[in-house]
Structure formats: C-alpha cells, structure tokens
C-alpha cells in the first residue's frame, strides 16, 4: 500500500467485503460496513493512475452490489405479490362459505 492510496485501498477492501456479503444475501451487514467505508471514500487521495485504477474497481463493486440489490428487491416484491394473491384467494374462499 502506498501512503497516498491507503484510504482508497482500504475502501476497496471494505467494498469487496460488502460485495461478498451481498452475494450471500447478508444485507443487514452492509450498513455497518458502509459507515466504515464512507469516510475512506471522502478522504483525499492523489490524482494519479493508481487512484484511477482503485476508483474503477470501487465503481465495479458498487455496480455489482446495485445489481444484486435490484435482483433481491425484485424477488421480495414477487414473493409479496404471491403472498397477497394467496391472501385474496383465501379471503374469497372463506367468503364463499358464509
């Protein structure tokens, strides 16, 4: 780790941990990691090729996490929709028996 890139390198390490958690569906652990990562991303860093490389890797992690989150959100919406349908069907069935 070079001195000027320490914050970006640590931010990338935390981002990779966040991505691993997202891949495993451990969404509850991400906010705590983001609390650690946010100040690292705001810290100053050199404007050089290494910083650019690290920022590109960070962006790739973020994009994959967003994709995984969108997929999980769609799965939850689908499950809620099916549950709502089953609930309406049950209410209709119960209503017919009265």
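Numerical summary
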item: One residue from 68, 41 being closer than 16 Å to residue 26 by Cα and touching a helix residue (DSSP H, G or I) at 6+ places or on another chain (Cβ under 7 Å); result: 68
item: Segment 3-24, subset out of contact with any helix residue (DSSP H, G or I) (no Cβ under 7 Å at 6 or more places or on another chain) and under 22 Å from residue 67 (Cβ atoms), residue surrounded by the fewest Cβ atoms within 10 Å (Cβ to Cβ); result: 24
item: Long-range neighbours under 8 Å by Cβ, at least six apart or interchain, first residue on the phi > 0 side of the Ramachandran plot and at pLDDT below 95 within segment 6-35, second part of a helix (DSSP H, G or I) and surrounded by fewer than 14 Cβ atoms within 10 Å (Cβ to Cβ); result: 25/72
item: Whichever residue in segment 40-51 is assigned to a helix (DSSP H, G or I) and surrounded by 11 or more Cβ atoms within 10 Å (Cβ to Cβ) and, among such residues, is farthest from the chain's Cα centre (by Cα); result: 50
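The values are calculated or read from the model by the stated rules, or taken from the named source; none is laboratory data. Not measured: the values here are computed from a predicted model. All Cβ positions, even for glycine, are placed from backbone atoms using ideal geometry, and neighbour counts span all protein chains on display.
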